[in-house]
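S.K.: Take a look at the following structure, please.
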Amino acid sequence: MSTEPPPGSGQPPEDDPFRKQPPSGPPDQGQGPGPGSPYDTPYGGAQPPPPSYGGGPHGAAGEGPYGSAGGGPYGGEAGGYPADPLAGMPPLADSGRRTLARIIDMILVLIVVWLLTWAFGVREYEVNGDRMEVGKSFAQSLVAAVLFVGYDTLMTVKGGRTLGKKWLGMRVADLSDGATPSVQTSLVRALVLWLPFAFCCACVWTAICGGWSFFDKPYKQGLHDKAAKTVVVSTRN
């Protein structure tokens, strides 16, 4: 038997997708369906009173305008913004100390590069009488790239820090949760930092990529940090 009301009755069909459902409430409110309401509302056809939100047009009582209590721009606090990823992490590392740590790492790796290329006769410049040849520069750059990327990746995966960072009290952390970066994240970070350094524009790229953290807000990220979604935090109290 059809549940549709007779035509002209003014009542929508039971299966109408736009049918306003009566609000569910405690059975002891003492209000039943109001007479004459075409939608069987418990308010007798009148509009129900608006809910009380307290903190704003989109939240519950005591909450901010988007349903979260309290107040900062990163939610969990006010405004319904994403939670501040730095909440609960140690403070961000100073950019000056980061630069010094990178210089230490560069010196350590370059010593190994020089020793290997010297042992295998792969040098960037060869002086032969009045001529200077640059034929083996690519081989040396390749050795440098492999060592720099491998060193940075392995050390970051192992404990979030290279020797330079360890000695100066800082580590790399995932921006999302502060964890030690994964192999993939560490590799992306190292490739962005060291490949241009090894093959084309060593000092210039290092200054740009790492120096970005001096001006970046709010996370003090270098370009390699942005590519890998990481930050560098202090491990010192």
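The values are calculated or read from the model by the stated rules, or taken from the named source; none is laboratory data. Just so it is clear, the structure is predicted and the values come from calculations on it, not from any experiment. Cβ placement follows ideal geometry from the backbone for every residue including glycine, while neighbour counts extend to all protein chains displayed. Note: areas computed on protein heavy atoms with side chains; ligands, DNA, RNA excluded. Shrake-Rupley method; radii C 1.70, N 1.55, O 1.52, S 1.80 Å.
S.K.: Could you identify the single residue in Pro196, Pro218, Pro181 that is under 24 Å from Ala83 (Cα atoms) and surrounded by 14 or more Cβ atoms within 10 Å (Cβ to Cβ)?
M.R.: So the residue among Pro196, Pro218, Pro181 that is under 24 Å from Ala83 (Cα atoms) and surrounded by 14 or more Cβ atoms within 10 Å (Cβ to Cβ) is Pro181.
S.K.: Next question. Restricting to the stretch 205-225, name every residue that is in contact with a Phe, Trp or Tyr (Cβ under 9 Å, 6 or more places away or on another chain) and either at pLDDT 95 or above or not aromatic (Phe, Trp, Tyr) (or both).
M.R.: Thr206, Cys209, Ser213, Lys220, Gln221, Gly222, Leu223, His224, Asp225
S.K.: Additional query: I need every pair where a residue in the stretch 93-106 that is closer than 18 Å to Asp216 by Cα has its Cβ under 7 Å from the Cβ of a residue that is open to solvent by 30 Å² or more (accessible area, probe 1.4 Å) and aromatic (Phe, Trp, Tyr), sequence separation at least 6 or different chains.
M.R.: Ser95/Phe214
S.K.: For Leu142, which of the numbered conditions (1) at pLDDT below 95; (2) open to solvent by 40 Å² or more (accessible area, probe 1.4 Å); (3) closer than 22 Å to Leu100 by Cα; (4) in a helix (DSSP H, G or I) fails to hold?
M.R.: Exception for Leu142: condition (3).
S.K.: Report every pair of residues separated by at least 6 positions or lying on different chains whose Cβ atoms are under 9 Å apart, first residue within the stretch 199-212 and over 20 Å from Leu147 (Cα atoms), second surrounded by 13 or more Cβ atoms within 10 Å (Cβ to Cβ) and acidic (Asp, Glu).
M.R.: As it stands, the answer is Trp212/Asp225, since those pairs meet every condition given.
S.K.: With the structure loaded, tell me whether Lys166 is charged (D, E, K, R) and touching a Gly at 6+ places or on another chain (Cβ under 9 Å) or whether it fails that test.
M.R.: Yes: the conditions hold for Lys166.
S.K.: What's the number of the only condition in (1) without any contact (Cβ under 8 Å) to a residue 60 or more places away in the chain; (2) within 20 Å of Ile103 (Cβ to Cβ); (3) crowded, with 17+ Cβ neighbours inside 10 Å that Arg171 fails to meet?
M.R.: (1)
S.K.: For the stretch 114-136, how many residues meet the condition of being hydroxyl-bearing (Ser, Thr, Tyr) and either closer than 30 Å to Ser213 by Cβ or at pLDDT below 50 (or both)?
M.R.: Of the residues in that region, 1 qualify.
S.K.: Among (1) modelled with pLDDT of 90 or more; (2) closer than 18 Å to Ser234 by Cα; (3) open to solvent by 80 Å² or more (accessible area, probe 1.4 Å), where does Ile111 come up short?
M.R.: Ile111 satisfies every listed condition except (2).
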